[in-house]
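The values are calculated or read from the model by the stated rules, or taken from the named source; none is laboratory data. Everything numeric here is computed off the predicted structure, so don't read it as measured data. Here the Cβ positions follow ideal geometry from the backbone for every residue, glycine too, while neighbour counts run over all protein chains shown.
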Amino acid sequence: MLEAVIWLLAYQLAGELAVRCFGWPLPGAVVGMVLLLLTLLARRSVPEGLQRSVPAMLGHLSLLFIPAGVGVLAWWPQLLDAGWRLVLVLLLATLLPLLGTAYLLRALLARKEGAR
Amino acid sequence: MDAFIAACLAVSRGPLFGLFLTLVAYRAALWLNQRCHGHPLSNPVLVGCVLVGAVLLAGGIRVDSYMEGGRLLLLLLGPATVALAVPLYHQFAKLRRSAGALALALLAGSLLGITSSVVLGRLFGLPETMVLSLVPRSVTTPIAMGVAEAIGGEPTLAAAFVIVSGILGAVLVRPLFTRLGLMDERVLGFATGVAAHGIGTARVFQISQGAGAFAALAMGLNGLMTALLAPLLLGWLGRLWH
C-alpha cells in the first residue's frame, strides 16, 4: 500500500511539474498517468507494490466522485430555473457521443476483423 | 443541551465530518447496490450523493462546511487517475491492435460531445454561461473546469454538469448497450470513457477489467482532445450561428 501511494504521488507530481513547465492545458494527473504507462511499458512489468494495491483502489473509484456530486447542490436554484430543458440537453448530449462512438467503433472493428 | 448543539455545530464544520459522512454514505450506497443486484439506478455515485445531500439539507449544514472533508477525497482523484495506468498497461496489446479504429472513434465522439452541447443548449434557449459550462461535460472534472474557464463558462457549474453526465452515462450504459447488442468490451468501455469519463469508467470496471482499461484510455484521450478542440470548435460554431 505504502509503496503504491509513493509511486502514484511521485508520478502525479511529475505530471504537475511537466504541465506547469510546458504550459499544457491539462491536469497533471492525466500527464502522470501517461508517464506511468510509459514507464511500465519500458520496464515490461508492474512493480509488486502497485500490482497488489491498485485493483482494490480502482474498485472504489466511485467514492471519490461523491463530493463533486454534492457540489451540484450549490447550483440548485440555477439548475431548477433551467428545468426540463436542461435535463433534456444533458440526456441527449450524453447519449449522442455514447452511441455515436459505440456504433462507429463497432463498424470500424468489424471491418478490420473482416478484412483479416 | 445548548452546549451539545454548539459542540455538534463545531464538529460539523471540521474536515472529519465531511469525510466520515461521505464514507458512510458510500458504504450504504454499496450495500443498496448489492441488495438491488446492481440495478443501474442504485449506482453508488448517485445514491451516495443523494444520501449526503439529504443529510446536509436535513441538518441545515452548508455545502462549504461539508467540503472541508469532501476536498480530501477530491484530492485523491489525482493519484487514482495515475493508477489507471496499471490496467492500461495490462490491456496495452489489445489497445494497440485497434489503435486506428480507436483514434477515429475518439475524434468522432469528442466532436459529437462538444457540438451536441452547444447546438442543443442554444436550441433549447439555455443561458449562454450555462451553454459554455456544458461544453466540457463529458471529460473528467479537473480538465472540464479548466476548459470551462478558458471558454468563458463557470468552472464549478461545469463540474456539476460533468457529474450529472457521468451519472447519466453510468446508469444508462448497461441496459442500453445490452438492448442494442453492443456488449463487446472494447466498444462498451471506449464509448463510456468518451461520453461519461471517470464515473462511467468506475461503472464499467465493475463489468470487466478489459472494458475498464478501454474506458480509462478513452477518458484520458478525450480529456486531451476536448481541451484542444473545444476552444477551436466554439470559434467556428459561433461564426456559423451569427
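Hydrophobic (A, V, I, L, M, F, W, C), under 30 Å from A:Q12 (Cα atoms) and over 20 Å from the mean Cα position of the chain (by Cα), is that true of B:A93? Spelling it out, B:A93 is indeed hydrophobic (A, V, I, L, M, F, W, C), under 30 Å from A:Q12 (Cα atoms) and over 20 Å from the mean Cα position of the chain (by Cα). Of the candidates B:V135, B:V55, B:V82, the single residue that is closer than 24 Å to A:T101 by Cβ and not hydroxyl-bearing (S, T, Y) is B:V135.
Just one residue in the set A:G83, A:G71, A:G114 is surrounded by 15 or more Cβ atoms within 10 Å (Cβ to Cβ), in a helix (DSSP H, G or I) and either modelled with pLDDT under 85 or in the same structural domain as A:M1 (by TED's automatic domain parsing) (or both); that residue is A:G71. Of the set (1) under 23 Å from B:A191 (Cα atoms); (2) at pLDDT 90 or above; (3) charged (D, E, K, R), all apply to A:R44 but (1). Annotation: of all residues in the range B:133-159 being surrounded by fewer than 23 Cβ atoms within 10 Å (Cβ to Cβ) and either hydroxyl-bearing (S, T, Y) or at pLDDT 80 or above (or both), the one that is nearest to A:W75 (Cα to Cα) is B:L157.
Which one of A:L88, A:L108, A:L104 is over 22 Å from B:N222 (Cβ atoms), modelled with pLDDT of 90 or more and in a helix (DSSP H, G or I)?
After ruling out the rest, the residue left standing is A:L88.
If you filter the range B:26-74 down to residues that are outside any helix (DSSP H, G or I), more than 9 Å from chain A (Cβ to nearest Cβ) and in contact with a helix residue (DSSP H, G or I) (Cβ under 9 Å, 6 or more places away or on another chain), you find that the one that is nearest to A:L61 (Cα to Cα) is B:G38. Here B:A93 meets each of (1) of a type in the set (A, V, I, L, M); (2) in contact with a helix residue (DSSP H, G or I) (Cβ under 9 Å, 6 or more places away or on another chain); (3) modelled with pLDDT under 90 with one exception, condition (2). Residue count for the range B:129-145 under the criterion of being more than 26 Å from B:A215 (Cα to Cα) and more than 10 Å from chain A (Cβ to nearest Cβ): the result is 0. Residues that are hydrophobic (A, V, I, L, M, F, W, C), under 19 Å from B:P136 (Cα atoms) and either in a helix (DSSP H, G or I) or not assigned by TED's automatic domain parsing to the domain that holds A:V54 (or both) within the range A:20-42 comprise A:A29, A:V30, A:V31, listed in sequence order. Contact annotation: residue pairs with Cβ atoms under 8 Å, 6 or more positions apart or on different chains, pairing a residue in the range B:228-240 that is modelled with pLDDT under 75 with a partner that is among the β-branched types (V, I, T) and part of a helix (DSSP H, G or I), are B:L237/B:T115; B:L237/B:V118; B:L237/B:V119. Cβ contacts < 6 Å: first residue under 20 Å from B:T201 (Cβ atoms), restricted to the range B:28-45; second residue surrounded by fewer than 14 Cβ atoms within 10 Å (Cβ to Cβ), any location; separation 6+ or different chain. Result? From the range B:28-45, the pairs are B:P40/B:P175; B:S42/B:C36. Of all residues in the range B:96-137, those satisfying the criterion of being within 30 Å of A:S53 (Cβ to Cβ) and either outside the structural domain of B:G198 (by TED's automatic domain parsing) or more than 19 Å from the chain's Cα centre (by Cα) (or both) are B:R96, B:R97, B:S98, B:A99, B:L102.
Residues in the range A:69-98 that are small (G, A, S) and facing another protein chain (nearest Cβ under 7 Å): A:G69, A:G71, A:A74, A:A82, A:A93. Annotation for the range A:83-99: at least one member residue is within 30 Å of B:G18 (Cα to Cα) and in contact with a Phe, Trp or Tyr (Cβ under 9 Å, 6 or more places away or on another chain). Filtering B:A170, B:A148 for residues that are in contact with an Asp or Glu (Cβ under 7 Å, 6 or more places away or on another chain) and more than 7 Å from chain A (Cβ to nearest Cβ) leaves a single hit, B:A148. Restricting to the range B:80-128, name every residue that is assigned to a helix (DSSP H, G or I), hydroxyl-bearing (S, T, Y) and at the interface with chain A (Cβ under 7 Å from one of its Cβ atoms). Correct list: B:T81, B:Y89, B:S116, B:S117. Residue check: B:H90 meets all listed conditions (1) in contact with a Gly (Cβ under 8 Å, 6 or more places away or on another chain); (2) within 23 Å of B:F177 (Cβ to Cβ) but one, namely (1).
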